[in-house]
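Working notes, structure below.
The values are calculated or read from the model by the stated rules, or taken from the named source; none is laboratory data. Model, not experiment: these values are computed from the prediction. Methodologically, a virtual Cβ is constructed for each residue, glycine included, from the backbone with ideal geometry; neighbour enumeration extends over all protein chains shown. Please note that ligands, DNA and RNA were not included when accessible areas were found on the heavy atoms of the full protein model with its side chains. Shrake-Rupley method; radii C 1.70, N 1.55, O 1.52, S 1.80 Å.
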Amino acid sequence: MKFDELDRKMRVFETAHDHCVLPGLYIVARLDGRGFTRLTKEVHQFEAPYDEKFRDMMLTTTEYLMNCGIDIVYGYNQSDEISLLFALNECTFGRKLRKLNSVLAGEASAKFSLLLGDIGAFDCRISQLPNVEEVVNYFRWRHEDAHRNSLNSHCYWSLRRNGHNATQATKRLEKMSVADKNELLFQYGINFNQLPNWQKRGVGMYWEEYEKLGYNPMNGEVVPTIRRRIHYDFNLPMKDEYSEFLQKLIVANS
């Protein structure tokens with residue numbers, strides 16, 4: 001069998017189940033660290049429940065993904081999770097799901113591993129959202145999840161640092177209300193409302209324009225130019241204000 005004929009025959013097995021995101025749908029990719037609880041708490045022993053060095057590695061990885069050849073208009077990071085909103089008309093890889101999932105997971109894993117000096121792997125899944133409302137709902141969901149996880153994590157590690165083992169701390173928190181968890185933290189000298197916002201709300205990343213002075217070699221003059229850079233937002237708004245922020249951002253980039 002000639003190579004061209006064999007090539008056509010075998011590629012069918014690779015592409016027979018290709019699925020593409022339809023035009024007009026918003027794409028959001030969500031990446032999660034694989035086995036990061038063990039990696040960050042046992043192998044490398046980052047500070048629990050939150051560590052600024054680990055946070056910065058995740059943010060650097062997110063910024064890298066926003067510059068890896070796909071038009072990303074918003075990145076959101078909480079803990080070991082990254083969410084990426086594509087520009088509405090982004091069509092890299094023909095919007096093929098298998099390519100987007102594999103490339104983003106591979107890029108994130110490679111970048112984070114270099115930063116960590118150890119293997120850190122990510123998985124990736126794609127949400128296909130029909131309108132701005134559902135995009136806002138997605139990020140509200142992850143935002144609320146960050147807040148819930150932050151409260152639970154601070155309670156859990158407060159108990160662990162005060163004599164409870166993993167099983168005891170987990171059982172103690174079962175069925176506790178939000179008010180009870182806040183009271184628990186208060187007993188250990190922690191006011192949850194006064195903790196850094198990035199721990200409770202995650203970090204948003206989006207493009208902003210800024211003016212930079214440049215040199216015009218034609219006339220030897222220094223002239224202002226407009227450049228783009230990624231802004232790190234460590235104080236995201238909450239609830240309806242966050243929805244309004246997202247709507248404006250999405251509309252401006254649609």
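Taking the criterion of being without any contact (Cβ under 8 Å) to a residue 24 or more places away in the chain and among the charged types (D, E, K, R), would at least one residue in segment 187-206 satisfy it? Give the derivation first.
Looking only at segment 187-206, we keep the residues that are without any contact (Cβ under 8 Å) to a residue 24 or more places away in the chain, and these are 187, 189, 191, 193-194.
Pick out the ones that are also among the charged types (D, E, K, R) and you get none.
No, segment 187-206 has no match at all.
Select from segment 29-65 the residues that are open to solvent by 10 Å² or more (accessible area, probe 1.4 Å), under 17 Å from Asp123 (Cα atoms) and not in a helix (DSSP H, G or I) and list them in ascending order.
Arg30, Asp32, Gly33, Arg34, Gly35
Restricting to segment 164-176, give me the number of residues that are open to solvent by less than 50 Å² (accessible area, probe 1.4 Å) and in a loop (DSSP other than H, G, I, E, B).
Taking segment 164-176 and keeping what is open to solvent by less than 50 Å² (accessible area, probe 1.4 Å), we get 164, 166, 169, 173, 176.
Keeping just the survivors that are in a loop (DSSP other than H, G, I, E, B) gives 164, 176.
Of the residues in segment 164-176, 2 are open to solvent by less than 50 Å² (accessible area, probe 1.4 Å) and in a loop (DSSP other than H, G, I, E, B).
Cβ-Cβ under 9 Å, sequence separation 6+ or interchain: first residue in segment 31-57 and closer than 20 Å to His154 by Cβ and basic (Lys, Arg), partner open to solvent by 40 Å² or more (accessible area, probe 1.4 Å) and not in a helix (DSSP H, G or I). Which pairs?
Lys53/Glu47; Arg55/Ser79
Could you say whether any residue in segment 210-227 is closer than 23 Å to Ser79 by Cα, open to solvent by 20 Å² or more (accessible area, probe 1.4 Å) and of a type in the set (Val, Ile, Thr)? Can you show your working first?
First pass over segment 210-227, keeping only residues closer than 23 Å to Ser79 by Cα: none.
Taking every residue of segment 210-227 in turn, none turns out to be closer than 23 Å to Ser79 by Cα, open to solvent by 20 Å² or more (accessible area, probe 1.4 Å) and of a type in the set (Val, Ile, Thr).
Taking the options Gly75, Gly24, name whichever one is in contact (Cβ under 8 Å) with a residue 12 or more places away in the chain and not in a loop (DSSP other than H, G, I, E, B). Let's see the steps before the verdict.
Working: Gly24 fails: not in a loop (DSSP other than H, G, I, E, B).
Going through Gly75, Gly24 in turn, just one is in contact (Cβ under 8 Å) with a residue 12 or more places away in the chain and not in a loop (DSSP other than H, G, I, E, B): Gly75.
Which members of segment 184-209 meet the condition of being exposed (fewer than 12 other Cβ atoms within 10 Å of the Cβ) and either in a helix (DSSP H, G or I) or not acidic (Asp, Glu) (or both)?
To start, the set of residues in segment 184-209 that are exposed (fewer than 12 other Cβ atoms within 10 Å of the Cβ) comprises 186-187, 189, 191, 193-194, 208-209.
Of everything in segment 184-209, those that are exposed (fewer than 12 other Cβ atoms within 10 Å of the Cβ) and either in a helix (DSSP H, G or I) or not acidic (Asp, Glu) (or both) turn out to be Phe186, Gln187, Gly189, Asn191, Asn193, Gln194.
A quick yes/no check of all residues on (1) assigned to a strand (DSSP E or B); (2) open to solvent by less than 20 Å² (accessible area, probe 1.4 Å); (3) touching a Cys at 6+ places or on another chain (Cβ under 9 Å):
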position: Leu85; (1), (2), (3): yes, yes, no
position: Asn89; (1), (2), (3): no, no, no
position: Gly94; (1), (2), (3): no, no, yes
position: Lys99; (1), (2), (3): no, no, no
position: Ser102; (1), (2), (3): no, no, yes
position: Glu107; (1), (2), (3): no, no, yes
position: Ala110; (1), (2), (3): no, no, no
position: Ile119; (1), (2), (3): no, no, no
position: Ile126; (1), (2), (3): yes, no, no
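If we scan segment 113-121, do we find a residue that is modelled with pLDDT of 95 or more and of a type in the set (Ser, Thr, Tyr)? Give the steps one after another, and end with the answer.
Pass one, segment 113-121, residues modelled with pLDDT of 95 or more: 113-121.
Remaining after also requiring of a type in the set (Ser, Thr, Tyr): 113.
Checking segment 113-121: at least one residue is modelled with pLDDT of 95 or more and of a type in the set (Ser, Thr, Tyr).
Restricting to segment 128-140, what's the tally of residues that are open to solvent by less than 40 Å² (accessible area, probe 1.4 Å) and closer than 13 Å to Ser83 by Cα?
Counting residues in segment 128-140 that are open to solvent by less than 40 Å² (accessible area, probe 1.4 Å) and closer than 13 Å to Ser83 by Cα gives 4.
Exactly one condition in (1) exposed (fewer than 10 other Cβ atoms within 10 Å of the Cβ); (2) under 27 Å from Glu81 (Cα atoms); (3) of a type outside the set (Lys, Arg) is not met by Tyr232; state its number.
Tyr232 satisfies all of (1) exposed (fewer than 10 other Cβ atoms within 10 Å of the Cβ); (2) under 27 Å from Glu81 (Cα atoms); (3) of a type outside the set (Lys, Arg) except (1).
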